[in-house]
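Working notes, beginning with the structure itself.
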């Protein structure tokens, strides 16, 4: 939009509401989500995905046909999508953005290789694949975003965040929840119970409009959901953050240089890899959800290095990529 392009945002109802809250006046259109169901146990995550695979493939085919209709009706010149595998078009430039060009299954090298071949075939249907990471060292996503041989349509896009660096006094513990159900609620309930009698000043962001806590103790400031503008000063003022290891959250942490305890969604191989990888690098403390004792983990965090990645230049890398791409439209 800053470059003068007219933007039409497509997403489900929650995504559209969030987009218009963040960018008032942004035109939007409905596009069904993948609506993946997640298991209550980590071990059931992959079997659950396999059971849903036929429906997911139907959704991908449906969104491909829906995009062709939208392009014809709205006179769209190009499309950029974030991990939506059916949103490419034969007649206009189509871009997919992802940090996972080498996805992991958690089931071993044979399963990983099979998934990676299928995934690469999908990515190659797009004119461009923008890899959301920096190319060299240090980087954020490790082997997920750094294949041995980069595809011809791929280029590194840099890192993204809606937040900006702010100078705030670090004064509270921030619980910042996100991610799929039912695991989001399970972690929320666990943390809420364990932090009820904490002596710390806590800001607790639920990450969902579906859950609302009552009887909030005086040491906790509670929010169901925040826009990026609302979250920015709260995150900047956090001494330590407790959160999932979702990639968008990790990019925000990297930009602001925050100390964090990252708790991957059980069974979600991408989040589990990122948490282990970044723990080994001394960046953030990995805490598995199973048998989580948050006070003991906070004590452990006192001796963790929390090495800053120094990736701030990576957050400007997208600008020339966008400029060059706009010249072909």
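The numbers here are math on the coordinates, done by the rules we state, and not lab data. Computed from a prediction, not measured in an experiment: that's the story for all the values here. Please note: Cβ atoms are built from the backbone with ideal geometry, for glycine as well, and neighbour counts cover all protein chains shown.
Each residue in 85, 34 was given a count of other beta-carbon atoms within 10 angstrom of its own, and listing them fewest first yields 34, 85.
Between region 135-168 and region 297-319, the alpha-carbon centres lie 14 Å apart. A Gaussian network model of the chain, with springs between Cα atoms under 10 Å, assigns the largest mean-square fluctuation among 309, 278, 53 to 53. The average projected area of region 172-310, computed from the convex hull of its Cα atoms over all directions, is 7.9 nm². Relative to the longest principal axis of the C-alpha atoms of the chain, give the angle of the C-alpha long axis of helix 247-256, reported between 0 and 90° and rounded to the nearest 10°. Value to nearest ten degrees: 60. Cβ-to-Cβ counts within 10 Å put 318, 156 in ascending order as 318, 156, the fewest first. The fewest-to-most ranking of 186, 97 by surrounding Cβ atoms within 10 Å reads 186, 97. Its residue count N sets the reference 2.2 N^0.38 Å, and the alpha-carbon radius of gyration of the chain equals 1.01 times that reference. Taking only C-alpha pairs under 8 Å that are 6+ residues apart, what is the relative contact order of the chain in percent? Answer for the chain is 15 percent.
For residue 169 and residue 248, the FRET efficiency from 1/(1 + (r/R0)^6), where r spans their Cβ atoms and R0 equals 25 Å, is about 0.50. Calculated mean residue ellipticity, 222 nm, the chain: -11000 deg cm²/dmol, from DSSP H runs (n ≥ 4) at -39500 (n - 2.57) each, averaged per residue and rounded to 500.
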